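Take a look at the structure set out below.
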Amino acid sequence: MKSKTNVAFTLAAAALLGVFGYRSLAKQTQPITVNAATCTPEHIRSVGDAMQRSVLSAQCAKAARHQAT
């Protein structure tokens, strides 16, 4: 009886991981534009997706470094 419960929980966990993995891989990313309005700290913090937030932050830092030279 206990092994059937463990199998059921394992299958449910695997199904949830599969669904979340598929959704994250299938999600289309929005193109990120780097300008003075999108490089403010407030705008960067307002980006909901952590991956897009880190990419935007890195691109803003790269743009600022190129403008300084």
Of all the residues that make up the range 1-35, how many are of a type outside the set (S, T, N, Q), in a helix (DSSP H, G or I) and within 30 Å of residue 59 (Cβ to Cβ)? 6
Condition (residue is without any contact (Cβ under 8 Å) to a residue 40 or more places away in the chain and touching a Lys or Arg at 6+ places or on another chain (Cβ under 7 Å)) applied to the range 23-33: is it met by at least one residue? no
Considering the range 27-37 alone, what residues qualify as being open to solvent by less than 100 Å² (accessible area, probe 1.4 Å) and among the hydroxyl-bearing types (Ser, Thr, Tyr)? 33
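Condition check ((1) surrounded by fewer than 10 Cβ atoms within 10 Å (Cβ to Cβ); (2) aliphatic (A, V, I, L, M); (3) out of contact with any helix residue (DSSP H, G or I) (no Cβ under 8 Å at 6 or more places or on another chain)) across all residues:
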{"position": "10", "(1), (2), (3)": "no, no, yes"}
{"position": "17", "(1), (2), (3)": "no, yes, yes"}
{"position": "22", "(1), (2), (3)": "no, no, yes"}
{"position": "25", "(1), (2), (3)": "yes, yes, yes"}
{"position": "41", "(1), (2), (3)": "yes, no, yes"}
{"position": "51", "(1), (2), (3)": "no, yes, yes"}
{"position": "57", "(1), (2), (3)": "no, no, no"}
{"position": "63", "(1), (2), (3)": "no, yes, yes"}
{"position": "68", "(1), (2), (3)": "yes, yes, yes"}
Anything in the range 1-35 that is among the small types (Gly, Ala, Ser) and either under 14 Å from the mean Cα position of the chain (by Cα) or on the phi > 0 side of the Ramachandran plot (or both)? List them, or say none. 21, 24, 26
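The values are calculated or read from the model by the stated rules, or taken from the named source; none is laboratory data. Remember, predicted model here, so these are calculated numbers, not experimental data. Glycine gets a Cβ as well: all are built from the backbone with ideal geometry, and neighbour counts include every protein chain shown. When the accessible area is computed, the model is the full protein with side chains, heavy atoms only, and any ligands, DNA or RNA have been set aside. Shrake-Rupley method; radii C 1.70, N 1.55, O 1.52, S 1.80 Å.
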